[in-house]
Structure formats: C-alpha cells, structure tokens
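*Asks:* Starting off with a structure, shown below.
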There are 4 protein chains.
Amino acid sequence: MDRMSAAPPDPSPKRERLWRIIFLSDTPVGRAFDVVLLWLIALSVVTIILESVDEIRLPHANLFWTLEWIFTVLFTTEYLARLWSVRRPLRYALSFFGLLDLISILPAYLELLIPGTHYLMALRVLRLMRMFRVLKMAEYLGEASILLAALRASRRKITLFLTTVIGIVLVEGTVVYVLEHEANPDFANIPQAIYWAIVTITTVGYGDVAPITVPGKMMASIIMLTGFAIIAVPTGIVTSELGRAMGKPLAPRRCCNECGWE
Amino acid sequence: MDRMSAAPPDPSPKRERLWRIIFLSDTPVGRAFDVVLLWLIALSVVTIILESVDEIRLPHANLFWTLEWIFTVLFTTEYLARLWSVRRPLRYALSFFGLLDLISILPAYLELLIPGTHYLMALRVLRLMRMFRVLKMAEYLGEASILLAALRASRRKITLFLTTVIGIVLVEGTVVYVLEHEANPDFANIPQAIYWAIVTITTVGYGDVAPITVPGKMMASIIMLTGFAIIAVPTGIVTSELGRAMGKPLAPRRCCNECGWE
Amino acid sequence: MDRMSAAPPDPSPKRERLWRIIFLSDTPVGRAFDVVLLWLIALSVVTIILESVDEIRLPHANLFWTLEWIFTVLFTTEYLARLWSVRRPLRYALSFFGLLDLISILPAYLELLIPGTHYLMALRVLRLMRMFRVLKMAEYLGEASILLAALRASRRKITLFLTTVIGIVLVEGTVVYVLEHEANPDFANIPQAIYWAIVTITTVGYGDVAPITVPGKMMASIIMLTGFAIIAVPTGIVTSELGRAMGKPLAPRRCCNECGWE
Amino acid sequence: MDRMSAAPPDPSPKRERLWRIIFLSDTPVGRAFDVVLLWLIALSVVTIILESVDEIRLPHANLFWTLEWIFTVLFTTEYLARLWSVRRPLRYALSFFGLLDLISILPAYLELLIPGTHYLMALRVLRLMRMFRVLKMAEYLGEASILLAALRASRRKITLFLTTVIGIVLVEGTVVYVLEHEANPDFANIPQAIYWAIVTITTVGYGDVAPITVPGKMMASIIMLTGFAIIAVPTGIVTSELGRAMGKPLAPRRCCNECGWE
C-alpha cells in the first residue's frame, strides 16, 4: 500500500533519487536512511517513555524539551520530504503510513495551542511498524510470510470465533449481573459485568471484580470450565493453518498435490 | 430445528407468504426482515445494558421506559405473527427458539405484576443467536461448518475431559481445604475450596481466594504445574479435529482415502 | 491392576458369584452394584462437602452424624465383602484401589480415638475414580483410550518439560528474590519467590505476591514473555501425540505404513 | 560446547584420566562423579533456599555457615581440578559452563571482602543445568532431542513473534496510559503501563495494576480479546514444528521424501 501510494515521480531525477532513498530500501543509501529513521523513532519513543516518569522528567525538564523539539523538527523535515518527493502527495498523505507520519508530529505543534495534547505524541510508537518493511528484506522474510499466511488464512475463522466469544460474554455478563448486582458493588451495572466476563474468559483474572455470592461463584465456575474448552479454539485454528502454510514451501513436489495437510 | 418446527402452512397463501418472510431468508423481504429484527434485538440489548448503569438511567428514566415498551410491543407482535403463520404453533412455541422468543417478552409483562422481575429481560441477549442463522447464508458458511464439525467431533472427548477436570478439582479442593481451613478464612468450607481450585486450574487466578500456609502453597504449586499439562488437552483435541475437518473439503481426491490426517 | 489383584477364587461358587458382582461389571447385577456404589460414593462426597459449610452443618448436626455413620457402615461392609470374596485378600488390600477403599472408611473410626481426624474422610472423593472403570464399558471407551494413549505417549516429554520448568522456576524465583527481598515483604524468602514464579509462569497470577521494585518488574516482564513461549510446549506435545493416536484407528490401510503422521 | 572447550590433554595420562572422570560420563567413575556432583549442587541449592527463610536460618546460623563453607571448598577444589586437567584452561574458564562454575564459588569469597554479596551464591542454581548433559545419556535422549529440534526450528518464528508482542505491548501500554494516567495512580507512567500490558497479554493478570476508568476498561477488554488470538500463535508454531520433528525419526522410509509433514 505504501509502495503503491508512492509511485515514482516522472520528471525530476533529483526527486526520484530522493523518493528512492526515502521510500525504498534497495540502495545502500536507502537502507541507511531506513535504519537511521528506525533508530530515531526508537530513541524518540524511549524519550517519551522516560519523560512520563516523574522522577526522571522533573530534574531534566529542559533536556526533554530540547530532545522533543529536535525529534519534531527531524520528523517534520522527513514528512515534508516525503510529500515533495512522492508523485501523488495527497494519496500518500491519506495512506495509512502517511496519516501515521502526520499523527506523530502534530501533537508537538498542538501543544503550543492547546496545552496537554502533548501526550498524544506517544502514538509515535506506531511508526515503528515501518520496521516490518525493513525486516521484510532480512532473513526473516520467509518465516514472517508463513506466519502472516497462517493468520490471513485464519482471518475469517478468528472473526467468527471472536463474534461468538463476544456473544458468550454478553450472555454470561448479564446472567452474573442478575445474580450478583444486589450483593456486590463490583457488579453495579451490566457493562462492568461484561468487563468481568471478558477478564474471566480470557483467563486474565485480575480479581478487581470477582463474584461474592454463592450462585455468582457457581455461575463463574461454569464459565471458567467452559472457557477452558473455548480457549482451545483459536489455538486449534492457528495451528492447523500454520501446519498448512508450513507444509507448502517445503514440499515443491509431492505425491498428493490436492491435499492441504501434506 | 427451527425450520423443522415451522413447516409451511397449507391453505392460506397469505399465511405462507408471512411464514416465508419471518422464518426463511431466501427472499429479499425475508432477508430484510431478518436484518431489521437483528438490529432491533441488538438495540434492545444495548438499551438494557445502558439502563443498568445508574448514571445513565436516572436522568433519562422516561426515555428508557418508552424504549422498553416500544421493543416489547414490537417483539410481542413478532411473536404473535410467528405463532399465527406457522403450521404447528405449539411445536414452534415449545421449540428452543420459540421459548427464547417468549422469554424475551415475558419479563416486561411480569414487571406489571411482580416488580423487580424486570431484569430478566436481559436474557433477550440470547435472541441474538438467530444471527447465526442469517450468517449461515453469508460467506462464513464454510468456515463456520468447519469449526462446528471440529467441535462436534470433539464433543465426547471434551465431555470426558471436563468430567476428569471436575474430579481433579474435587480432590484438589478437598485436599487444600484440609490443609488451609484452620488458618485461612478464605477456605472456610469445601465448596469455597473447589471454587478456588477451578479458578486455579483454569489459570484465571483472581486472587480473591489464595492459600496462605506453607503446605497449602506447596499443594497449590503442584496443582498449578499439573494444570499446565492438563490445559494442553482440550487444545490438542480441538486442533486435531480441526486439522481433520479442514483436511476434508480441501482434498476431494487423494491418494489415501482411508486416513483422516490427509 | 484392580482386576489382576482380584483373580477369581477357586472353591466356593458363592464367593465367586459375589466376586463377579463386586469386581466385574459384565452381569446385570454386577453393573447394578457398580452404579449403586458410585451413587453412594457421590452422595457421601456431597454430604462431606455440605457438612464443611458451617451454615448447613450447625442446624442439622444430627442428620450429618447419622448420614456419616450410614455411609461408613455401608462402605465397611463393602470392604469386608471385597476382602472375603477375592482370592488373594492381601494383594487386594495392598493394591491402589484397596488402599483407597481402606482410607475412605478409616477416618470415621479414627475420629472415635483422635477427634479432628474426621476431615480426612474427604479423601473418599478419590473413590470416584472407580467411575472410570464403569465408564470404560460405555461408548466413551474409544475416545478415552485415544486420550490416554496420547497422554501415555507424551509421558516422557511432559516429565522432561516439567523438570525444565521446575529448573526455570528455581532460577527465576532466586533472581527475583535477590532483586526484591529488601523492598518487598512478599518476597521474604526464596520458597516464597519460587511460589510466585510458579504462579507467574503458569499464567495463574493471583496477585497475592507481586514485584514492586523497578528491576523486579522488569525481570517479571521477561519471565512472563518467556513463559508465553514455554506454555506452548505441553500443548504442542499433546496435540502432536493426539494427532498420531487419532490417526491410527482411522487408517487401517494406508499408502505409507511407516510414518506416524498419516 | 563444553566438550569442545575441553579437548583431552596430550602428555600426562593422570591428567587425561582425571579429565575423563570430570568432563565425560562414559566410564563408571565418570558417571559416579557426575551423579555425586549433581547431588552436591542440589544440596547446596536446598541449603541456600532454606537459609533464606528467617525462621530456619536464625536458630541454626552456625550449621548454615559450616555447610556453606563445606560446599564452597568442594566446588573450589572441583573448579581447580577442571582447570588443571583440561588442555586449554583459559578456553574452559571463558566457556559458558566455566563462567558458571566460577560464579558459583565467587560470592562466598566476595562475602569476606564486601558483606551482603553472599546472596549471589543463589546463582549456583544455574549449575544444575549440567544435569541435562547427564540426562542426555539416559533414555530421555530421544525425547529431549525432539523437543530441542522443535524449539530450535521455531527459534526465528518465536523471535519474530516476541518482537511483534513487544511492539503491541508498547502501543497498548501507551494508549492505556493516555486514557488512565490522570484518574489512576497505578498508571503513573508509561513503563508501569507497559508492565500492565505484559501482565495482561500473557493472561497472568495479577490485578496489582488494573484500569479503573470506563475508556481504560474498554481498551483493556479489546486488548484481552485480541490477546486471545495472539496467544494461539506460539502454540501453533511449536505444535507444527513438533509434529514435523516427531515425524522424522519415525519415518525412515516414506513415499514422499520432500514434504515435512509426513
């Protein structure tokens, strides 16, 4: 998608060279650009993470302010260079990665107008997704494509499964709400009970919301034992698809061409 | 089952047309009816969920009262139309979906007689199960049938497994009760200890009940490590059956017809 | 094992008939005996469970005392009948099920000598394991044998895996103890830290013991992410063995006789 | 690696005999040495574990002091014997097991100079890893090699997966931090929020950090349901690789030589 929205510009060879460096990784300079960019994004993310810790930010407020603006200026320059070098700037600007690039610089400028929006800069973390494009060219390509193929093939099954789980969670949350809400302030309303049901069925089990009445605990026990069988389904789906996906590149010639399992 | 309990009525073409619209989805009007019905059920469920939140209900009590009665009237009309159009009304009324339809309108009327039964309306959530009948006709048909086939094939194994787990949970709960009940009020009785054992073996682990004595913690450690191996069983069952079920539609002709794995 | 330790007695046909009724289930009377026995065990277990609840026991102390002694007398009679009818009483008495039968009646008599030992009667729960022998004759036989074959085949792998997990838990517990024990009373000693590591690696996560220092939390994060990959191993083992075990009865003739997978 | 860094010394037959006893297990004496050493390591680890419990150490301080020095002297002798008998002492000293052997005796001597470093002796636990070398010669060899082969084959996929999970955890932690940090002191900074995200996505769920605002809980629910699908991936990877690894030694001759699945 990124590559499509960034078709090479026709006229100026200078713009095309810049485009090749910024958007592709097939030249030494282009690869270096990607690596430096990833490091800058990573450093900028680490800066935001450390800045959120009061004990670290307060004694070095100026340092963080400076670092933040250095990163903002660098990423703004990069964003403008992307816009200038690409053949269809609007298409890039509206693409997934284009919007991500914009989102990662806007909060710093918004902070000047509306104080407090500064924390949205943390979404810069998402830019690290570019890493996958760079990794693609590495030796992990084959492995990643198998994993992605298995996940893509399981997409519909997982959607169906998540729909079923949401339905189960609605029913279970409501039933436990009816059983518990009078005795237990943790189950004050149905959304809260649904939150509890999700925490339970995924076996996370924080314990911040837990049934206290006998019927509530009995229902919770049934839910947990049922969830035991349900949790097996996504694993089964991914495993089966992985087995299928892994079987393919490894068996160029085999006796049975039709069958997916081998 | 729904379709069987709703065999087309012979005489009146008007009733048959209504029956076709309400019970089947093979005509544009029938499909539209199903889609509108699902949206109404969903909206009604959202209304009940929001109504359970005090902060939302109290300022809009009248709105919720009105919405509730609009949904009740609509679903009552639908229920009567189903009863009238179907050839064997009693059979429909006693079928799984027929009882569900009744349960979803009764609480509103019961509220007039016995205040407080109103919350049972939340069971209306279960009517959303009709969604699966509509989805059946969509592209998810194949995927769903594979998942269902795998689950149906694992039915006995999962029953056997759940029986074993219930047995394990009884023994473990009792043993930890004997070890803990004098020192720890959380383990005041065996049902409570069984509840703890279920919370532990399913790896939910709320922490509302937890052992505090040294022998209790040692026993709990053994239970957790054992549970580690046990949790693998349902996943193994579903995965194996899924692999089997997935292998079938993909391999119409193969070299080995007898073997399930490929 | 039970059957072996209970070889039919030679001389008396009366004893042999009794033996056949008590130890086998191949006659209508023998099957009826097994079913009645299982119900009695189940009822006796339910009695013990209910008795442990103060709110239920205190108002019906006499009822529970009577029930307890009825069950004790019945099980004692059964135990003596087993001893008398079997050809080698000592061998039965020392077998797994023989010891279980003894353990389930002893606590009631011990209570007369040493008050308080009464709760050990709860181990009667274990007698329900006889259920599996009865179930064996039911339709679940095939399914159970597949599950058992898969578990038996994975036995060594699971032993190896549990050994590794115990090793990991020792190292992790010790390391987090060194990091946490000065700041956090929850990690007062290494056994406590190992208990925490087991709770964490099995993803139970009660939260009764949790790291509070920054290095402790970092180490815990590493442990959890590692545990993520580790939890996959037993599932993989059981799934693979199940696939193997399931493939066998379904493929009496196949093209490749040697390979386990199909 | 251990064996390579310990090539047999040429000249002295005495040194070679000692080397064979200490480093290999192919003679009765060598095997006895390994078994005794493992028992000593295990005893020393148990001593350290018990010593960490105040209730046990305080009344027997002298006993623990004596035991500690007996183990230290024994392990020092062993370390020197290893250094003397091996052909390339430096190579052994810098090998993984060589450093482990040093680390397990150093803390006792360091304690004399800097009090408090004594607890580092707990790392002696790691020496138990030698057990695997001894186990290799046992019947578990085949099983272990299958498990290791499956894990080694999944190495890249698991690395890729863990990288993705770390990325997800960064994004989720940051988003929930933005939603929660004003209302909830548990989410005081981003590292804390990332710790929460790891606790959640691995389904450990201590509950020491939990969202309290409505948007925070909604986001948490999405994270948990997503995690449900994600947790399936490592299991799928290991299962597929295990199936592959298990298929190999069992099928020396098969119809399709190329395909991994059978």
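The values are calculated or read from the model by the stated rules, or taken from the named source; none is laboratory data. In this text, all values refer to a predicted model and were calculated from it rather than measured experimentally. No Cβ is skipped: glycine too gets one built from the backbone with ideal geometry, and neighbour counts run over all protein chains shown. Areas reflect the complete protein model, heavy atoms only, side chains present, ligands, DNA and RNA absent. Shrake-Rupley method; radii C 1.70, N 1.55, O 1.52, S 1.80 Å.
*Asks:* Could you tell me how many of the residues in the range C:218-230 are facing chain D (nearest Cβ under 8 Å) and surrounded by 24 or more Cβ atoms within 10 Å (Cβ to Cβ)?
*Replies:* Number satisfying all stated conditions: 2.
*Asks:* Follow-up question, since we're still on this one. Give the number of residues within the range C:68-86 that are open to solvent by less than 30 Å² (accessible area, probe 1.4 Å) and not charged (D, E, K, R).
*Replies:* Total satisfying the criteria: 8.
*Asks:* Kindly establish whether D:Thr200 is assigned to a helix (DSSP H, G or I) and either open to solvent by 20 Å² or more (accessible area, probe 1.4 Å) or closer than 23 Å to A:Met121 by Cβ (or both).
*Replies:* no
*Asks:* So, one more: If we keep just the residues of the range D:87-111 that are among the aromatic types (Phe, Trp, Tyr) and surrounded by 14 or more Cβ atoms within 10 Å (Cβ to Cβ), which is nearest to D:Val125 (Cα to Cα)?
*Replies:* D:Phe97
*Asks:* Output the number of the condition that D:Ile237 fails; it satisfies all remaining conditions of (1) farther than 27 Å from A:Ala42 by Cβ; (2) modelled with pLDDT under 85.
*Replies:* Result: D:Ile237 fails condition (1) only.
*Asks:* For the range D:124-140, what are the residues that are open to solvent by 60 Å² or more (accessible area, probe 1.4 Å) and either modelled with pLDDT under 60 or not in a helix (DSSP H, G or I) (or both)?
*Replies:* D:Lys136, D:Met137, D:Glu139, listed by residue number.
*Asks:* Considering only the range D:34-47, I want to know if a residue exists there that is within 21 Å of the chain's Cα centre (by Cα) and among the hydroxyl-bearing types (Ser, Thr, Tyr).
*Replies:* Taking every residue of the range D:34-47 in turn, at least one turns out to be within 21 Å of the chain's Cα centre (by Cα) and among the hydroxyl-bearing types (Ser, Thr, Tyr).
*Asks:* Does D:Ala61 fit the bill of being more than 25 Å from the chain's Cα centre (by Cα) and at pLDDT 85 or above?
*Replies:* Yes, satisfied.
*Asks:* For the range A:179-197, enumerate the residues that are more than 9 Å from every other protein chain (Cβ to nearest Cβ) and assigned to a loop (DSSP other than H, G, I, E, B).
*Replies:* A:Glu182, A:Ala183, A:Asn184
*Asks:* Another question, then. For B:Thr27, which of the numbered conditions (1) in contact (Cβ under 8 Å) with a residue 12 or more places away in the chain; (2) more than 20 Å from A:Ile190 (Cα to Cα) fails to hold?
*Replies:* All conditions pass for B:Thr27, except number (1).
*Asks:* Name every residue in the range B:30-49 that is open to solvent by 70 Å² or more (accessible area, probe 1.4 Å) and either touching a helix residue (DSSP H, G or I) at 6+ places or on another chain (Cβ under 9 Å) or not in a helix (DSSP H, G or I) (or both), in order of residue number.
*Replies:* Selection gives B:Arg31, B:Leu43.
*Asks:* So, in the range A:151-197, of the ones that are over 16 Å from B:Val53 (Cα atoms), charged (D, E, K, R) and touching a residue at least 24 places away in the same chain (Cβ under 8 Å), which residue ends up least open to solvent (accessible area, probe 1.4 Å)?
*Replies:* The qualifying residue least open to solvent (accessible area, probe 1.4 Å) is A:Lys157.
*Asks:* Here's something else I'd like to know. Could you list all residues from the range A:16-29 that are buried (at least 17 other Cβ atoms within 10 Å of the Cβ) and in a helix (DSSP H, G or I)?
*Replies:* A:Leu18, A:Trp19, A:Arg20, A:Ile21, A:Ile22, A:Phe23
*Asks:* Tally up the residues in the range A:203-217 that are facing chain B (nearest Cβ under 9 Å) and outside any loop (DSSP other than H, G, I, E, B), please.
*Replies:* 2
*Asks:* Based on this model, can you work out whether A:Ile223 counts as in contact (Cβ under 8 Å) with a residue 40 or more places away in the chain and touching an Asp or Glu at 6+ places or on another chain (Cβ under 8 Å)?
*Replies:* yes
*Asks:* Shifting gears a bit: Counting only residues that are surrounded by 24 or more Cβ atoms within 10 Å (Cβ to Cβ) and under 20 Å from A:Gly173 (Cα atoms), which one in the range D:203-215 is nearest to the chain's Cα centre (by Cα)?
*Replies:* Only one residue tops the list, namely D:Thr203.
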